[in-house]
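The values are calculated or read from the model by the stated rules, or taken from the named source; none is laboratory data. Computed from a predicted model, the values in this text were never measured in an experiment. Here Cβ is always computed from backbone atoms with ideal geometry, including for glycine, and neighbour counts include all displayed protein chains.
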Amino acid sequence: MDFRLLEPYRPQILALLRIVTGLLFLEHATQKFFGFPVPFPVLPLPPLLIAAGVIELVAGILVTLGLFTRLAAFIASGEMAVAYFMQHFSTGGFWPAANKGEPAILFCFIFLYLAAAGAGAWSIDGTRGKAVR
């Protein structure tokens, strides 16, 4: 397959990445605060997890909508880096497969990419993928 055929759709593919990532991130906040789709295993929430949940809620909504995408994604990327090193790396060792940190690493780098690339198509920001070349 000639993947250059996808080239005209880069802004839309970036938007799909942004929307799906934002919704998955938002799910972590709804789990913490509303017990949906499954209850969070640690209740009551300690202050650090409340702060993480607020970031996940706000950044998840903003990234999904494509509003202040770069700023929200940058903050979310930082949160995931902190989560990885404070929770996964410090308690489970170096290897992500052993410490169950793969989702945190993926979120961190996807959000870092979105902070650099912008929102893509279908965003309130209206960047329509201009930064994606």
* To do: Evaluate segment 78-91: report whether one residue or more is modelled with pLDDT of 95 or more, touching a Phe, Trp or Tyr at 6+ places or on another chain (Cβ under 6 Å) and closer than 24 Å to PRO46 by Cα.
  => yes
* Matching residues in segment 88-101 - criterion: being surrounded by fewer than 17 Cβ atoms within 10 Å (Cβ to Cβ) and in a loop (DSSP other than H, G, I, E, B) -> GLY93, PHE94, TRP95, LYS100
* Structure fact -> Cβ pairs under 8 Å, 6+ apart or interchain, first in segment 91-109 and free of Cβ contacts under 8 Å to residues at least 40 places away in the same chain, second among the acidic types (Asp, Glu) and assigned to a helix (DSSP H, G or I), ordered by first then second residue, are PRO96/GLU102
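Inspect segment 10-22 for any residue being polar (S, T, N, Q), more than 11 Å from PHE111 (Cα to Cα), crowded, with 16+ Cβ neighbours inside 10 Å and out of contact with any Asp or Glu (no Cβ under 7 Å at 6 or more places or on another chain) and give the result as yes or no. Give the steps one after another, and end with the answer.
Taking segment 10-22 and keeping what is polar (S, T, N, Q), we get 12, 21.
Next, only the ones that are more than 11 Å from PHE111 (Cα to Cα) stay: 12.
Those still in the list that are crowded, with 16+ Cβ neighbours inside 10 Å too: none.
Checked segment 10-22: no residue is polar (S, T, N, Q), more than 11 Å from PHE111 (Cα to Cα), crowded, with 16+ Cβ neighbours inside 10 Å and out of contact with any Asp or Glu (no Cβ under 7 Å at 6 or more places or on another chain).
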* Structure fact -> Log entry, pairs with first residue in segment 45-59 being closer than 17 Å to GLY35 by Cβ, second being of a type in the set (Phe, Trp, Tyr) and outside any helix (DSSP H, G or I), beta carbons closer than 9 Å, six or more apart or on different chains, reads LEU49/PHE40; GLY53/PHE40
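For (1) of a type outside the set (Asp, Glu); (2) assigned to a helix (DSSP H, G or I); (3) surrounded by fewer than 17 Cβ atoms within 10 Å (Cβ to Cβ); (4) on the phi < 0 side of the Ramachandran plot, each residue gets a yes or a no:
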| residue | (1), (2), (3), (4) |
| --- | --- |
| PHE25 | yes, yes, no, yes |
| GLU56 | no, yes, no, yes |
| GLY60 | yes, yes, no, yes |
| MET86 | yes, yes, yes, yes |
* Residues of segment 102-117 that turn out to be loosely packed, with under 14 Cβ neighbours inside 10 Å and among the hydrophobic types (A, V, I, L, M, F, W, C), as a count -> 2
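Among the residues of segment 34-49, write down those that are surrounded by fewer than 13 Cβ atoms within 10 Å (Cβ to Cβ) and part of a helix (DSSP H, G or I). So that I can check it myself, show each step before the final result.
Taking segment 34-49 as the starting set, the residues that turn out to be surrounded by fewer than 13 Cβ atoms within 10 Å (Cβ to Cβ) are 34-39, 41-44, 46-48.
If the condition is that a residue be surrounded by fewer than 13 Cβ atoms within 10 Å (Cβ to Cβ) and part of a helix (DSSP H, G or I), then PHE34, PRO47, LEU48 are the ones that fit.
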